[in-house]
Amino acid sequence: MSEAYFPVGPGLGLEESFLSLDDILMSQEKLPVRAETSLPRLGFVLGQGTGTGDAMTEGSKLEIPLWLAKGLHDSKRRIISVELPKIYKGAWRTVLSADANVVDLHKMGPYYYGFGSQLLNFDNPENPEIAQTILQTFISRFRHVMDSSQNAYNEDTSALVARLDELERALFQAGQKGLNDFQSWEKGQASQITASSLVQNYGKRKFTEVDG
Amino acid sequence: MAGERAVGLVRELHRATGGNLPPFRTEELRQALEEMRALYEQNQADVSEAKSGRTDLIFLIRFRHCCLLRNQRCILAYLYDRLLRIRALRWEYGSVLPNAIQFHMSAEEVEWFNRYKKSLATYMKSVGGEEGLDLTQDIKPPKSLYIEVRCLRDYGEFEIDDGTTILLKKNSQHFLPRWKCEQLIRQGVLEHILS
């Protein structure tokens, strides 16, 4: 991993981080909304209509990306009203409170925590429960993430990270880095100057051009 | 779907892990900016119509505005993240970038890199007394003045401080001063051997 590259991290809580690549990809995820007024030509514009003159009538349901939902939403609900994706609804909340460790959070939308935090921006009467569920899910899964990241040394971790969402994966990687750094310190390799990882990717091509 | 190209740029950059710098996508960037221009012009036209009474257009104007903001955000994040990666190159690789990396940078980015180098050099000269202080050296605390290195590829002749030249051929081993080799090790020419 490059040690001098510090990307902009995702935002915490209700605010997104404007320049964070993670937050941009997270806000690209779709959520279901209900049209509150007749929306001329929206169907075509979103690629869900049948023709240029297609208007989405009041009450019809669509799936739009989060960034668009945030932009079109206002508290008086004149244009759209936001509904919850199923992973944040009552049924799934019960599953998560029963045992959060068995759920494949990567499949249920890879940005469970980030997207869930953003959902709290829309005034939904279930917000307190959603917030509680997200928090409790994180608490119950964190132990497992930390444990596995600190004990998987030099092995294939794809099975361990397969069911983690993006936030958990970042934590896992941080744990792995700590573990690897410690192990290399123990072996006395901490003072060894190493080639920059950036070089290892470009260097091969460059030096073959010179030699050849 | 509006904003797809801009998000595509972000996605590709996000996939390049480890601080790698993928090639600069001039064409996709131009298309995204073109999309923004088209949206803006459509909105300009619709706003004057909406002002004279067609309130049903207000939603469409707002939608296009959201798309414009989205494109703006994606493009800005793309350019900024690339600069962060280029900055990391100065610290990890050195002040002369190999051609392979330079091909991946746009002209403006090369310009930015040169200006950053200069800023850094000015700063390093101003710190640490008369000769300045090279902050890009000794990233890891050194244990000794001289280190054992093995050459990984043919590099050619290399002069050290007391005037003697050393021929760096593949697989030759040398015992050299740390400060002379550090950059070559980071560039992958030499390999630091621990005894």
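Is there any pair linking a residue in the stretch B:28-42 that is closer than 12 Å to B:ILE75 by Cβ to one that is surrounded by fewer than 17 Cβ atoms within 10 Å (Cβ to Cβ), with Cβ under 7 Å and at least six apart or on different chains, and which?
If the second residue must be surrounded by fewer than 17 Cβ atoms within 10 Å (Cβ to Cβ), the pairs left are B:GLU28/B:GLY8.
Sort out which residues of the stretch B:118-151 are surrounded by 15 or more Cβ atoms within 10 Å (Cβ to Cβ) and among the charged types (D, E, K, R), and write them in order of number.
Result: B:ASP134, B:GLU148.
For the stretch A:159-183, what are the residues that are modelled with pLDDT under 90 and out of contact with any helix residue (DSSP H, G or I) (no Cβ under 7 Å at 6 or more places or on another chain)?
A:ALA159
Among the residues of the stretch B:94-111, is any free of Cβ contacts under 8 Å to residues at least 12 places away in the same chain, of a type in the set (S, T, N, Q) and within 14 Å of another protein chain (Cβ to nearest Cβ)?
Within the stretch B:94-111, one or more residues are free of Cβ contacts under 8 Å to residues at least 12 places away in the same chain, of a type in the set (S, T, N, Q) and within 14 Å of another protein chain (Cβ to nearest Cβ).
Is it fair to say A:ASP156 is closer than 19 Å to A:PRO110 by Cβ, acidic (Asp, Glu) and in the same structural domain as A:PHE115 (by TED's automatic domain parsing)? It would help to see each step written out before you state the result.
Details: closer than 19 Å to A:PRO110 by Cβ: no; acidic (Asp, Glu): yes; in the same structural domain as A:PHE115 (by TED's automatic domain parsing): yes.
In short, no.
For the stretch B:152-172, enumerate the residues that are touching an Asp or Glu at 6+ places or on another chain (Cβ under 9 Å) and surrounded by 12 or more Cβ atoms within 10 Å (Cβ to Cβ). Outline the logic, then answer.
Step one: list which residues in the stretch B:152-172 are touching an Asp or Glu at 6+ places or on another chain (Cβ under 9 Å), which gives B:152-154, B:165-170.
Listed by number, the residues that qualify are B:LEU152, B:ARG153, B:ASP154, B:ILE166, B:LEU167, B:LEU168.
Name every residue in the stretch A:1-31 that is within 11 Å of chain B (Cβ to nearest Cβ) and of a type in the set (Asp, Glu), in order of residue number.
Once the filter is applied, which keeps residues that are within 11 Å of chain B (Cβ to nearest Cβ) and of a type in the set (Asp, Glu), the stretch A:1-31 yields A:GLU3, A:GLU16, A:ASP22, A:ASP23.
The values are calculated or read from the model by the stated rules, or taken from the named source; none is laboratory data. Bear in mind the structure is a predicted one, so any value in this text is a computation, not a measurement. Positions of Cβ are generated from backbone atoms using ideal geometry, with glycine treated the same way; all protein chains shown enter the neighbour counts.
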